[in-house]
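The values are calculated or read from the model by the stated rules, or taken from the named source; none is laboratory data. This structure is a prediction, so every number in the text was calculated from the model and none was measured. Don't worry about glycine lacking a Cβ; one is built from the backbone with ideal geometry, like all the others, and counts go over all protein chains shown.
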Amino acid sequence: MLESIVSYGLAVGAVYALIGITYNVMYSASRVFSFTAGMLGMLGGVLGAVFISRMGMNAALALVLVLACGAVLGMVTEVVTVRPVLKSIEQHLYVLSTLAFALMVQQVTAIEFGTEAQPFPVLVPLEAGLPGQKFWLPLLACAVTILGLELLYRRTLIGRAFLAIAEDSYAARALGLPETRLRLACYAIAGVIGALAGFTGAQMLLAYFGNQAILNFYGFVPVALGGMGSNRGAVVGGLALGLFQQAAAVLFGGLHAAIAVFVVFIVVLLLRPEGLAGAMTGRRV
Amino acid sequence: MNGVAWLPPRLAGSMPWLALGLVALLLPLFDDAYIGVIAQRAFIYWILSAGLNLLVGFAGQIAIGWVPMLTLGAYTTAVLTAGTVTEPWNPYLALAAGGVVGAVFGVIVGLPALRLRTFYFAMTTLGFATITTQVALAWKSVTGGGVGTPGPVFPWPFEPGWGFYYLCFLLAALATWMTANIGASRYGRALIALRDAEVAAEASGIAKPRLLVLIFLLAGALGGVAGGLFASLQSYITPDAFTFEMSVLFFIAILIGGRGSILGPVLGTIILTALPEFAAPLVQWSTFLYAALLLLIVLLIPGGLAALLDFSNRRPLAKHREILPRPGLLREVLGRSPTAQHLELRGIALHFGGVRAIDGLDLDIKGGEVHGLIGPNGSGKTTTLNVISGYYRPTAGALSLDGAILATEAPPRRAAHRIARTFQTPRLIGDVSVLANVMIGGTLDGRASFVEALLTLPRHRQDEVALRRAARQALAAVGLEALAEVRADRLQHSELRFMEIARALMLHPAFLLLDEPAAGLSAEEIRRLGALIKAISREGVAVLLVEHHADLIFDICDRVTVLNLGKVLAAGTPAEIRSHREVVSAYLGA
């Protein structure tokens, strides 16, 4: 029992963490939380299943295509739903524009690829006895993403530019950084990460258009717990959420697990609005 | 307003309502059951949207998942009537219970919104929507799971058919009336203030958590009642009937009408309910089309139709406007003489990490005096104001009012001590009239409770009359009465400064804190401002004036304190300060 809690909990937690990072990457570039994070996760699974099972592509090619689709959708998100409402960000219209776009994509997915949950093919043929790839794939993806982002942010010039606009976009623009193009690039990266989360998590969560709302919520919980914009917080929060949810599901049933997660989410928000690890920022007057 | 010109304005404003009501009342004469069902659905959707409209359109809380209130109300009413868990209830009582359940969960879901940014709240409602569906599916013994449960059937006088139609109509009319009452009351104005100028709202004594809880209660209850009716209309309910995508429909209705409007969202709801009936071939694509419509509205007309049709605010304003304050009116505006006389700051310190923004500050502000607070940028002037009005909690030191120590408290509580203020950048509610902006300042003096406002009881109507009159007087006193009906975001910068003073005067302040009121004003305007400030202080108000215009400071101040690096560099009469060597070298210049 413990083994299933840990393996399943960590794996699903890694998917949540990756969606949380997707939120964060978009947030740090634009101060916008976009509902397209869950959409990207959902599409990663559905498109992967379509490419491999229906079209018979090999897994590596399918992965590359899925990530490319994620990048394109990320950029479309930025151009269509974020850029036009950034100037009046205090009205929070991005909540509605990104939600509307995500629902449009979700609906097209449902109509084109069906509303039934589809199984996701096994990617790496391995002999029986080894731990299932559906458990370690998301963890691997999470580790690769974290390493990749660290390298990008610490070692490359463009990564430092990302950090600069995250820290103070106004000052970054004054320094001559092309803020708009950098923001677009961040949304492309977020698209890749979200799609990767969906692709690697789909053996567990199935390729299902309805995963969008679930991933949107459970992917945001780690962000709220770990503090906005903190990728480390998202990983810790995501894994903790996965373990907690799985433990509650095994002990008390899936329904109570869902309720427990929601209650914990609200209680944490009320007691520590800045997240368990974050710090309050912002000057109001 | 762009009403019908030959009617008295009150009647012209209610014309659309009378027309809508008449159509609704006469519809049963056609005896077309199909149209009847569509109309019932429109009524039910509107009952939920009416509450949601206060939440979204007025308070700016983007409740993307408010459908669960419908779900909860529907299941509560259906299950109680069916007698699955208890003795069967009377359907009308069960409907009321649905409203109560909706109200309770409305507040629970709303809790994060009391402290956090709106996105957290949006996300909470999304999470709640997901969970409600899961519970409805899994809790088979009560909800019937995926198979569902029969909806309630209301007995005489509102039996199924046209009887039920009238029940829906009555409740929809009631919801419209109540939410319109709140929208037009000081509670509605306070909601808009919290949405667009939260800081100014708090400084006017508006406590966000209390007000939002009331709105969550109301919006939740309306959602629950709508759910009970929905269950009866559907006659059989399953979790599938309550999709998250319904939220999109409600949002389109509210946004297309325009934020802060009631009639707009009503029309939006009617159109959106009727539309799918004529677009049957597209039913598969309906969610997609609704989402696309929502996206288009957000991107193209975020102000909704109300903003597009607001012709009166397109008429150009007079070009060369002058602000002519009438200090003679101040006595009437300020009314009774201030309650408190003396605000003392002793040893106030405020540290942000290693930065000492204020470092042991003593300051005395007395009734009837203008006290100037000057110093270079970053010397702690605005920070001092923020400590006094409760935005920052000092690291050390104490404030006392007439000798009694002030507890650490939030800005709305400080406003209750009659400490009013203006801001370095004017905080305005751009969408509403100048008059409504100024009325915000008098929120604290309203006596009618939320329920009295909901039902427009006499005390509420007296409040409104008194507030409106006081606001017009305050505007006349600062010289802006000609602009009372103009939308505030059309004013010039200098006019906004005077508008903020009028708003502060509405609080009947004992202490008035002015943060660079002369910034951006012409020389003539500064002279008039100076006379106005001086006259205010002569009515017994203690004025603390933060300013960079040395001339203004030395013209009107009775005492001046000079800050440097968070410490008092000098304090005394203007003449003493003017000749203070360090001040001259550090700040004023030779």
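Computed values, structure above
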quantity	calculated
Residue within region B:80-103 that is among the acidic types (Asp, Glu), touching a helix residue (DSSP H, G or I) at 6+ places or on another chain (Cβ under 9 Å) and surrounded by fewer than 17 Cβ atoms within 10 Å (Cβ to Cβ) present	no
Residue match in region B:303-310 (condition: without any contact (Cβ under 8 Å) to a residue 60 or more places away in the chain, under 28 Å from B:His580 (Cβ atoms) and not hydroxyl-bearing (Ser, Thr, Tyr))	no
Sole exception among (1) over 23 Å from A:Gln118 (Cβ atoms); (2) touching a helix residue (DSSP H, G or I) at 6+ places or on another chain (Cβ under 7 Å); (3) within 14 Å of another protein chain (Cβ to nearest Cβ) for A:Gly253, by number	(2)
Options B:Ser433, B:Ser389; residue that is within 30 Å of B:Leu309 (Cβ to Cβ) and touching a strand residue (DSSP E or B) at 6+ places or on another chain (Cβ under 7 Å)	B:Ser433
Hits in region B:268-292 (condition: of a type outside the set (Ser, Thr, Tyr) and crowded, with 19+ Cβ neighbours inside 10 Å)	B:Gly268, B:Ile270, B:Leu272, B:Phe288, B:Ala291
Some residue of region B:280-288 being free of Cβ contacts under 8 Å to residues at least 24 places away in the same chain, more than 12 Å from chain A (Cβ to nearest Cβ), closer than 26 Å to B:Gly151 by Cβ and not charged (D, E, K, R)	yes
Conditions (1) under 30 Å from A:Glu112 (Cα atoms); (2) surrounded by 21 or more Cβ atoms within 10 Å (Cβ to Cβ); (3) away from chain B (no Cβ under 12 Å); (4) not acidic (Asp, Glu): number failed by A:Leu184	(2)
Output for region B:514-543, where each listed residue is outside any strand (DSSP E or B) and of a type in the set (Asp, Glu)	B:Glu516, B:Glu524, B:Glu525, B:Glu539
Lone qualifier among B:Gly264, B:Gly268, B:Gly328 - being more than 14 Å from chain A (Cβ to nearest Cβ) and over 28 Å from the mean Cα position of the chain (by Cα)	B:Gly328
Residue under evaluation B:Ile301, criteria (1) surrounded by fewer than 16 Cβ atoms within 10 Å (Cβ to Cβ); (2) modelled with pLDDT of 80 or more; (3) under 22 Å from B:Ala59 (Cα atoms); (4) away from every other protein chain (no Cβ under 14 Å), criterion not met	(4)
Matching helices (runs of 4 or more DSSP H) fully within region B:416-513 where at least 1 residues are outside the structural domain of B:His371 (by TED's automatic domain parsing) and surrounded by fewer than 20 Cβ atoms within 10 Å (Cβ to Cβ)	B:450-454, B:458-478, B:493-505
Among the candidates A:Leu103, A:Leu99, A:Leu149, residue that is more than 14 Å from chain B (Cβ to nearest Cβ) and either in contact with a helix residue (DSSP H, G or I) (Cβ under 9 Å, 6 or more places away or on another chain) or of a type outside the set (Ser, Thr, Tyr) (or both)	A:Leu149
Some residue of region B:106-129 being out of contact with any Cys (no Cβ under 7 Å at 6 or more places or on another chain), surrounded by 19 or more Cβ atoms within 10 Å (Cβ to Cβ) and more than 12 Å from chain A (Cβ to nearest Cβ)	yes
Conditions (1) at pLDDT 80 or above; (2) more than 14 Å from chain A (Cβ to nearest Cβ); (3) in a helix (DSSP H, G or I); (4) surrounded by fewer than 19 Cβ atoms within 10 Å (Cβ to Cβ): number failed by B:Arg321	(3)
Test set (1) under 15 Å from the mean Cα position of the chain (by Cα); (2) surrounded by fewer than 24 Cβ atoms within 10 Å (Cβ to Cβ) - B:Ile215 fails condition number	(2)
Conditions (1) within 24 Å of the chain's Cα centre (by Cα); (2) modelled with pLDDT under 90; (3) surrounded by 14 or more Cβ atoms within 10 Å (Cβ to Cβ): number failed by B:Ala12	(1)
Check on A:Phe120, surrounded by 20 or more Cβ atoms within 10 Å (Cβ to Cβ), over 23 Å from A:Arg31 (Cα atoms) and out of contact with any Asp or Glu (no Cβ under 7 Å at 6 or more places or on another chain)	yes
Residue in region A:198-205 that is at pLDDT below 95, within 19 Å of the chain's Cα centre (by Cα) and within 12 Å of another protein chain (Cβ to nearest Cβ) present	no
Sole exception among (1) within 30 Å of B:Leu455 (Cα to Cα); (2) assigned to a helix (DSSP H, G or I) for B:Ile131, by number	(1)
Residue ID - farthest from the chain's Cα centre (by Cα), chosen from residues in region B:136-162 that are assigned to a helix (DSSP H, G or I) and crowded, with 20+ Cβ neighbours inside 10 Å	B:Thr143
